[in-house]
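S.K.: Here you go, one structure.
No lab work stands behind these numbers, since they all come straight from the coordinates. Predicted, not measured: the structure shown is a model, and the values here were computed from it. Cβ coordinates were reconstructed from backbone atoms using ideal geometry, including for glycine residues, and neighbour counts include every protein chain displayed.
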Amino acid sequence: MNKENKSKLETLLKKVANEMDINICSVNIQTNQNPIVLKITIKKTNDEDISLEDCTLFNAPASEEIENSNLLNCSY
């Protein structure tokens, strides 16, 4: 993935996170894996701990946005 597409992906994920009062701390794309691995580190805006439920609630809309964007044209 080139830098421009990674930047677009980060912007897309930040949009989803902002709607949930979450900050994106980092986005790491490991293209040397098959399928590639996408690691997104999130943090609540109020500095409370992130729960498994928070991760699950973020994952669904984030995955949908990624799929709709066509920025990743392979399995991840």
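S.K.: Here are some residues: 8, 44, 15. Which one is touching a residue at least 60 places away in the same chain (Cβ under 8 Å), surrounded by 11 or more Cβ atoms within 10 Å (Cβ to Cβ) and more than 18 Å from residue 75 (Cβ to Cβ)?
M.R.: 8
S.K.: Among the residues of the stretch 19-76, which ones are within 15 Å of the chain's Cα centre (by Cα) and of a type in the set (Gly, Ala, Ser)?
M.R.: 26, 60, 62, 63, 69, 75
S.K.: Output the number of residues of the stretch 1-37 satisfying the condition of being out of contact with any helix residue (DSSP H, G or I) (no Cβ under 8 Å at 6 or more places or on another chain), closer than 25 Å to residue 53 by Cα and either assigned to a helix (DSSP H, G or I) or among the basic types (Lys, Arg) (or both).
M.R.: Going through the stretch 1-37 one residue at a time, the tally reaches 4.
S.K.: Residue 20 - would you say it is farther than 18 Å from residue 59 by Cα and aliphatic (A, V, I, L, M)? Talk me through it step by step, then tell me what you get.
M.R.: Values: farther than 18 Å from residue 59 by Cα: no; aliphatic (A, V, I, L, M): yes.
The answer is no for residue 20.
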